[in-house]
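Below is one structure, written out as structure tokens, with a few remarks after it.
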Amino acid sequence: MARRSTIEKFNEMLQDIMDSKLLFGGKLVVLGGDFRQTLPVILKSTKDDIIDSSIVMSPLWNQLTKIKLEINMRALFDSNFSSWLLKIGNGTEATNKENEITIPARINIPFTDDITSLNVLIDMVFPNITDSNLDISLFVKRAILTTRNEFVHEINDVLINKFPGEETIYYSCDENTSSCIIPDQEDLFHYFTPQGLPPHKLTLKINSPIILLRNINPTEGLCNGTRLLCKGFNKNVIYAEISVGTHAGKPVFIPRITLESPHNDFSSVPFKRKQFPVRLCYAMTINKAQGQTLDFVDVYLKEPVFSHGQLYVALSRAKTIDQIKVLIRPSTALAQNTNCTKNVVYREILDAAHIY
């Protein structure tokens with residue numbers, strides 16, 4: 001979801017271009033969003049900071065015409081599932097005193113230990129992944145969703161090792177842009193994978209699924225979040241095929257480009273990385289999965305969801321409840337009941353932001 005400041009600047013730009021004080025310079029602008037989903041991400045912020053950055057707190061909000069969509073088209077053929085998702089999104093699903101909701105037993109994978117349970121999860125979403133005659137269509141609309149990038153990297157590393165075929169490895173070229181690191185210490189950057197950047201070591205195989213991290217050519221379907229299948233490798237180009245959307249099946253070439261680490265990233269100092277702007281997407285973060293429709297979803301909660309709307313987004317990627325499995329790694333708080341998970345209540349956000 002875009003921050004209010006982005007939309008306000010867009011309004012000012014159109015007013016300047018059209019030389020008009022009308023809203024958006026008198027142009028018709030359609031904004032789409034779901035406040036049940038994750039709100040703007042602000043590092044090291046408080047709940048009040050996140051709410052204040054939302055469009056509902058902007059002076060533009062009262063000037064907009066609100067149109068509500070009432071039918072969940074993704075879950076159109078499973079009304080009970082659709083109703084359950086709305087309860088989670090609206091914060092009306094029953095919770096205990098710890099603000100945890102119970103995941104139905106039919107979609108809950110019992111936890112035994114980290115390795116065994118993860119392998120069970122992998123076998124459910126990607127059956128027979130080691131088979132050389134594997135049906136590649138399984139990878140087009142299946143994924144494991146989890147909360148943090150570090151968990152995503154762990155799962156992707158496990159899956160690319162299981163995936164049949166000869167691996168191709170691409171190493172990035174990292175360049176210092178800060179006076180904090182002297183030139184002969186630039187190898188330190190290889191250990192960093194800031195948000196939005198590809199890894200230093202990118203391991204790929206023919207037919208492995210990848211996801212774009214940058215807008216390259218949106219008109220041709222190459223935009224941030226596009227999922228592709230690898231079809232060939234060259235030194236500075238990856239030959240791939242778009243796997244979803246209106247451009248599905250279209251062959252494309254992904255170049256190696258220079259990317260900069262986010263200026264607000266607190267996990268590393270600023271640097272440049274020359275690498276292909278892609279990552280493996282057997283697994284994705286819940287936030288990255290927003291807008292995706294999947295045929296089968298495994299939700300791996302190594303820790304409880306930590307942001308508003310994450311649980312709702314994760315569960316609502318599927319079309320029916322039978323297309324979801326959830327693995328919850330118990331912590332001290334969850335030790336007595338391993339099919340409970342946190343629910344960041346939407347109702348609290350509504351009250352605070354005065355959306356309606």
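The values are calculated or read from the model by the stated rules, or taken from the named source; none is laboratory data. Owing to the predicted nature of the structure, the values given are computational and were not obtained by experimental measurement. Don't worry about glycine lacking a Cβ; one is built from the backbone with ideal geometry, like all the others, and counts go over all protein chains shown.
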Give the residues of segment 265-323 that are crowded, with 20+ Cβ neighbours inside 10 Å and on the phi > 0 side of the Ramachandran plot, sorted by residue number. Gly309
Got a sec? Which of Val269, Val278, Val305, Val313 is of a type in the set (A, V, I, L, M), modelled with pLDDT of 85 or more and in the same structural domain as Gly221 (by TED's automatic domain parsing)? Val278
Among strands (runs of 3 or more DSSP E) entirely inside segment 132-245, those with 3 or more residues being not β-branched (Val, Ile, Thr) are 142-146, 167-171, 173-176, 201-205, 227-233, 237-242
How many residues are surrounded by 14 or more Cβ atoms within 10 Å (Cβ to Cβ) and either farther than 16 Å from Ala283 by Cβ or modelled with pLDDT of 95 or more (or both) when one looks only at segment 213-227? 7
For segment 1-116, which helices (runs of 4 or more DSSP H) that fit wholly inside it have 2 or more residues that are within 30 Å of Leu327 (Cβ to Cβ) and aliphatic (A, V, I, L, M)? 79-90
Could you list all residues from segment 81-94 that are surrounded by 10 or more Cβ atoms within 10 Å (Cβ to Cβ) and either without any contact (Cβ under 8 Å) to a residue 60 or more places away in the chain or on the phi < 0 side of the Ramachandran plot (or both)? Phe81, Ser82, Ser83, Trp84, Leu85, Leu86, Lys87, Ile88, Gly89, Asn90, Thr92, Glu93
Within segment 95-111, does at least one residue satisfy the condition of being free of Cβ contacts under 8 Å to residues at least 40 places away in the same chain and either touching a strand residue (DSSP E or B) at 6+ places or on another chain (Cβ under 7 Å) or not basic (Lys, Arg) (or both)? no
Can you tell me which of Leu76, Leu159, Leu145 is within 25 Å of the chain's Cα centre (by Cα) and farther than 16 Å from Arg279 by Cβ? Leu76
Candidates Leu23, Leu39, Leu31 - the one that is of a type in the set (A, V, I, L, M), surrounded by fewer than 18 Cβ atoms within 10 Å (Cβ to Cβ) and closer than 23 Å to Leu86 by Cβ: Leu31
Can you run down the residue pairs with Cβ atoms below 6 Å, 6 or more apart or on separate chains, where the first is in segment 121-134 and over 23 Å from Leu301 (Cα atoms) and the partner is part of a helix (DSSP H, G or I)? Thr130/Lys162
Mind checking which residues of segment 1-52 are closer than 29 Å to Ile71 by Cβ and hydroxyl-bearing (Ser, Thr, Tyr)? Thr6, Thr38
May I ask you to say which residue of Lys97, Lys44 is out of contact with any helix residue (DSSP H, G or I) (no Cβ under 8 Å at 6 or more places or on another chain) and not assigned by TED's automatic domain parsing to the domain that holds Asn11? Lys97
So, restricting to strands (runs of 3 or more DSSP E) that lie completely within segment 282-331, which ones have at least 2 residues that are under 12 Å from the mean Cα position of the chain (by Cα) and closer than 17 Å to Glu150 by Cα? 283-285
If we keep just the residues of segment 1-60 that are β-branched (Val, Ile, Thr) and touching a residue at least 40 places away in the same chain (Cβ under 8 Å), which is farthest from Gln310 (Cα to Cα)? Ile7
Can you name every residue in segment 190-232 that is in contact with a Leu (Cβ under 7 Å, 6 or more places away or on another chain), closer than 25 Å to Asp135 by Cα and not aliphatic (A, V, I, L, M)? Asn207, Ser208, Pro209, Gly225, Thr226, Cys230
